[in-house]
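In what follows, a single structure is set out as structure tokens and then discussed.
No value in this document is a laboratory result; all are computed from the given coordinates. Given the structure is predicted, the values throughout are model-derived calculations rather than measurements. Cβ atoms come from the backbone with ideal geometry, glycine included; neighbour counts cover every protein chain shown.
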């Protein structure tokens with residue numbers, strides 16, 4: 001992890017020290033919940049930066065074989081093109097855990113049409129609008145979707161993407177391993193419709209000030225930016 005400094009008006013510097021999560025999954029979930037732009041939409045698509053709308057946090061995912069809740073997805077969000085974006089905040093402590101979580105994400109993607117029906121999406125959006133104290137049309141309008149702000153058009157846009165396998169899978173974590181970055185690059189080189197992203201949120205602290213360095217990987221190259 002690179003070192004970080006703040007520069008005062010007299011040009012003196014003060015070092016930020018790396019800040020490691022005590023409970024990475026919970027802390028990263030809370031951080032991302034309040035700041036969806038920590039998934040850098042301008043890096044994912046520089047020509048048409050992605051905008052995000054949270055649909056559901058801690059979404060129960062049913063097993064297609066039993067129709068019972070089997071998994072829990074950290075976040076379901078959508079962008080302005082109605083592309084469902086599945087986000088997991090995970091810590092990969094070893095090879096086995098890494099394989100399990102990657103496999104689990106592909107289970108989510110493969111069975112999205114089963115557990116993300118129009119009625120389910122509508123229910124989640126209604127719950128989200130109610131939590132924010134606004135009408136569902138106002139919630140949709142905040143995203144400025146390409147479908148316009150009509151509810152039926154927005155749901156149809158999302159449904160079409162799901163049926164066509166147009167999804168985005170995001171792993172959001174404090175740090176990643178070279179092995180995981182290689183897997184992400186390989187998957188993106190092989191898949192046409194489903195996009196896989198790795199976002200590292202490296203955190204630093206100096207007194208009461210905290211900054212987050214974002215590192216995005218989709219292919220071989222890493223891109224970074226800062227968020228205070």
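When the alpha carbon gyration tensor of segment 12-55 is reduced to an equivalent ellipsoid, its three semi-axes come out at 25, 19, 8 angstrom, largest first. Where the centroid of each part is defined by its Cα atoms, how far is segment 162-215 from segment 1-53 in Å? Cα centres, segment 162-215 to segment 1-53: 13 Å.
Kirkwood hydrodynamic radius, segment 22-227, all distinct C-alpha pairs: what's the number in Å? About 17.6 Å, per the Kirkwood formula over Cα pairs. By other beta-carbon atoms within 10 Å, ranking 62, 144 with the fewest at the front produces 144, 62.
For Cα pairs less than 8 Å apart in space and 6+ apart in sequence, what is the mean separation divided by the residue count of segment 22-227, i.e. the relative contact order in percent?
This gives 19 percent for segment 22-227.
Pairwise Cα separations in segment 124-228 fall into 5 Å bins from 0 onward with the following percentages, short to long: 2, 11, 15, 13, 12, 16, 17, 10, 3, 1. Can you tell which of 203, 29, 190 shows the greatest fluctuation in a Gaussian network model of the chain with Cα springs below 10 Å? Maximum among the listed residues: 190.
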